[in-house]
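Working notes for the structure below.
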Amino acid sequence: MNQHLRQVLHRVEALAAKAALSLFRALGPARASNLGGALARTIGPWLPVSTVADANLRLAMPELDAPSRRRIVRGVWDNLGRTVAEFPHLATLRHDTPSGPGWIAVGAEILEAQARTGGPVLFVSGHIGNWEMLPPAVAQFGLPFASFYRAAGNPLIDAVIRNLRQDAMGCEVPLFAKGPRGARAALAHVMRGGALGMLVDQKMNDGIEARLFGHPAMTAPALASIALRQRCPVIPGRIERLGPARLRLVVDAPLTLPDTGNRIADQAALTQQVNDVLERWIRAQPEAWLWLHRRWPKRLTRNRPLADATR
């Protein structure tokens, strides 16, 4: 594709994205959430990627029958559609709203204690519920955190996404590109006493092997490596969906950092702790997790029958 055609396509894609976001913004948070969820759960299960979700479910939760898997896959798409539709409203969703659009917090005292203590801290989560709400929600308790970032392929859309995230945060925070260079910059940020958030639930081919739902899953080692090097708290947290644009920040107690003197063993143990937390969250509400990515090796899922599994 030549450069001129690529630029034209980028402009068309950006105009479509801005039009959709304008529509969602005009509808208000609850109505936008309902529309996004309805569209996604209607169309999504028919897309080829839904077979990946079904194969993952068969592997991870073999006790589920076909109707249960179909229900979960529809729920995954519903949550994804709602998350996208709520994106332009993140900056306006308020804390401690008694009902309707907004968010509440459980475990906020953990964040408040860390803010008083100061120093470096790592937040760990996954693509669960409305994960885009996690950074601005945590920032409300005095702990705005930097994060890793994978740029969108279309630079015009990427700029829109970055601006919306920045508006939701209400302050400037560093964003580190995924890869060795970004990892070095993130480590330097933590060494200066900064806070860093990481979503660690996706496959990393050059990571380390840990178990997830009893099966080997290549997992990014950066979080464990930084935490053990700096001996800084690792705080797990997630955003639960309670209703249309109605969310709950749930913060768990900091993980226990292993300290056996064996760096490799300690890194593996902490990485496994993180996967165990993620598995517990996912089992509690499987439709809230993004089952659509290939989390496990293909050899574990490729021979599982998929016909009519997700619709």
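Observations, loosely collected:
- Over all other residues within a Cβ to Cβ distance under 12 Å of LEU187, the charged ones net out to +4, with Lys and Arg as +1 and Asp and Glu as -1.
- At most 16 other Cβ within 10 Å, DSSP loop - trypsin sites (Lys or Arg not before Pro), the range 60-99: ARG94
- Computed packing ranks the peptides 290-301, 251-262 as 290-301, 251-262, most packed first, by mean other Cβ atoms within 10 Å.
- Translational diffusion of the range 188-311, µm² s⁻¹ [Kirkwood Rh, Cα pairs; Stokes-Einstein; 4 °C; 1.567 mPa s]: 79 µm²/s
- For the chain, the square roots a ≥ b ≥ c of the C-alpha gyration tensor eigenvalues yield an a/c under 1.5, which makes the shape rounded.
- Our summary of shape: the Cα atoms of the range 246-307 have principal axis extents of 49, 38, 14 Å, ordered from largest down, in whole angstrom.
- Per principal axis, descending, Cα span of the range 87-170 in whole Å: 40, 34, 23
- Over all Cα atoms in the range 1-53, the spread is summed up by Rg and Dmax: 15.1, 42 Å.
- In the range 28-182, the ratio of gyration radius to Kirkwood radius, Rg to Rh, stands at 1.00 when only Cα atoms are counted.
- 12 Å beta-carbon shell around ILE72, net charge (K/R +1, D/E -1): +3
- Each Lys or Arg adds one and each Asp or Glu subtracts one; over the other residues with Cβ under 13 Å from the Cβ of LEU257, this totals +1.
- Value of relative contact order over the chain, rounded to a whole percent, pairs C-alpha under 8 Å and six or more apart: 27 percent
- Burial ordering of SER68, SER33, fewest other beta-carbon atoms within 10 Å first: SER68, SER33
- Packing order of peptides 236-242, 87-93, highest average first: 236-242, 87-93 (average count of other Cβ atoms within 10 Å over each peptide's residues).
- 10 Å-binned pair-distance histogram of the range 152-229 (Cα, whole percent): 15, 38, 34, 13, 0
- DSSP beta bridges in the range 3-301 [antiparallel fraction, %, rounded to 5]: 40 percent
- Rg/Rg_globular for the range 121-257, with Rg_globular taken as 2.2 N^0.38 Å and Rg from C-alpha atoms: 1.06
The numbers here are math on the coordinates, done by the rules we state, and not lab data. These figures come from a predicted structure and were not determined experimentally. Don't worry about glycine lacking a Cβ; one is built from the backbone with ideal geometry, like all the others, and counts go over all protein chains shown.
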